[in-house]
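A short write-up of the structure that comes next.
Read-outs throughout are calculated quantities, based only on the coordinates presented, and are distinct from any laboratory measurement. It should be emphasised that the depicted structure is a prediction, and the values quoted were computed from it without experimental measurement. Neighbour counts run over all protein chains shown; Cβ positions are idealised from the backbone, glycine included.
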């Protein structure tokens, strides 16, 4: 038995450059990094990046505004670059792919029809097509033929960097046979060519081939196809856990190659595990020849009797085999909170799975968990097919997610599916009891994948639908303050959030909502307004009975004399606070018993005065006040003043502010008119006085003058 690893296996230049640069940026950018799509097609690398705070997004709109954006090795369309304008872009497009973008752009602008040989759904091809207005012909069919419409048109042919070169050559021949003017660019990556060539040679001389890489990886898929054609026993694996347990490797030559997105450590792990397996196989063979006792094979399930329980393991009798079995506590159950003595007792008979034999120490390693997992697998499949909702406890945080134990069944929940919101530290979820829906069953790896988030979203959607079916303006709710902003507080009404604007939190003026409420407070609110299309809800919180104007209406009547404080001065009068948040206007004509130039001539801010309520309009919350009405002028002065007044001001008559302003303005304009000479002014005054006097007085005055 022997193992041979392909020299070209593992990261290519472009992938290594992108991965190394991203890990460098984690420290530099303090984790505020996002990738547009997975950086590379490798789940292990992507999961590790997520643990370091680097998450991938499929849409530019979903990327946080404060994150630097990494363009992955596959490259993107020009329109995507344009959409990211104004943000920090870290372009880690593979240089070989970037070269294709340049070729396509230049020839498209010259009028060439672009043909891309590759997988139309691969991100690299989608990106390339974006540099020619998404107008390229894309094919990966060896029988492809150009339409007659393009016979006389210039054609430019490029290739996806990771495709099979033989297919590319065949398609190029078909195009050249049909079209007159064709330019060919063999843009298949040199590393891809070497890797495919070496995979072909290695698989030709091996009995077993392992191709390591993601099933999403195009170049890994090509390596698997090439190897399978030469070596029927070829396995596509993502890591050492995917190696078949009952694989017969006796006297076999094993070959290992890997895709361009496979880290060196993964290749090394597979190689190490295969070496261990070879050593175990050889040891078992020697053991069986020496003792001729009961034979055991890796993967066998046998009945074992518990003979001893220790702190960290259980010793079992395997019923006739040379050595006892050693069952580690963590191989008894997936629940880390249970002790061995909680699960088994001495004398119990249990089924165990044979993991391997260590001849040097004379022991057989067995597992109870693997048996339970196998027995549970059928139950798991039934739950998946029926859509049954499982309940489990999160017991472990792993790369890219958490493990939940549902009965005896272990379910992997990806990080983004573990909660309805992003959880940075997955350890905070340990011990939580959650409801799980199975979303995927990997038969080959016997792994179940589930989601907590999908159920939470369904529950939230049901609550939202119920809310909107019953919601109506004026309806009252008891809600919890979810978050506070400078403009108001968002309140959770039971799956739906509504906004209480800052102006709705208090009748008094406040600078910030936190003066009134805090996160977690329970408020009684009502719907002021709502939009069923935008799903926006405006909530009311203030009580009508607390409205200071409602209180004022019950206390203030026309003709009342009130004590008030001057709070604001205006050209036309002064505003006085009668009670908190209730002001009345003292018009300039009602401040004193004489004519004044401005309110400041008589009043000062903060001064307390008494005034009479001369007008009320509760519909528009308006109160008119008069100090003058409380001043009792001497009888003679009052009489003279009444004669000089053109329009008398009657007590308790509502004050028309607009009329007062107009009158003040006309008086000011009259005062500003120039007087031609000193003699004309008295004449004008006398003339106007005569006009205002009664006829009899006019006659007497005329006679006197004569």
request  = Wrap a convex hull around the Cα atoms of the range 387-457, take a quarter of its surface area, and give that in square nanometres.
outcome  = 4.5
key: Reduced Cα scattering model of the range 1-58, Debye log10 I(q)/I(0), q = 0.24 Å⁻¹   = -0.98
key: Cβ-based exposure ranking for 168, 487, in which fewest neighbours within 10 Å come first   = 487, 168
remark   = Proxy exposure order for 409, 209 (fewest C-beta within 10 Å first) is 409, 209
Label zone at residue 460 (point 7 Å along Cα-to-Cβ), backbone N below 13 Å, the range 416-438 = 417-423
Segment residue 439-residue 65, length gained on full extension (0.36 nm per residue, minus Cα span) = 131.5 nm
request  = Averaged over every viewing direction, what's the projected area of the C-alpha convex hull for the range 471-542? Give it in nm², one decimal, please.
outcome  = 4.4
ask   = Taking a quarter of the surface of the convex hull around the Cα atoms of the range 35-123, what do you get in nm²?
value = 6.7
remark   = If 271, 210 are placed from fewest to most neighbouring beta carbons inside 10 Å, the sequence is 271, 210
task = Taking 7 Å along the Cα-to-C-beta vector as the label spot, tell me the residue 486-residue 543 distance in nanometres, rounded to one decimal.
result = 3.2
Stretch gain in nm, segment residue 89-residue 301, where the contour uses 0.36 nm per residue and the Cα spacing is subtracted = 70.8 nm
ask   = If you stretched the chain out fully between residue 178 and residue 328, how much longer would it get, using 0.36 nm times the residue separation minus the C-alpha to C-alpha distance?
value = 47.2 nm
ask   = Given R₀ = 45 Å, FRET efficiency for residue 596-residue 476 by Cβ-Cβ distance, to 0.05?
value = 0.30
message = Would you calculate the convex hull of the Cα atoms in the range 66-172 and tell me its volume per residue in Å³?
response = 97
task = Express in whole angstrom the spacing between the alpha-carbon centres of the range 586-601 and the range 472-516.
result = 44
remark   = Evaluated at 37 °C and 0.692 mPa s, the Stokes-Einstein D of the range 204-286 based on the Kirkwood radius over Cα pairs, in µm²/s, stands at 250
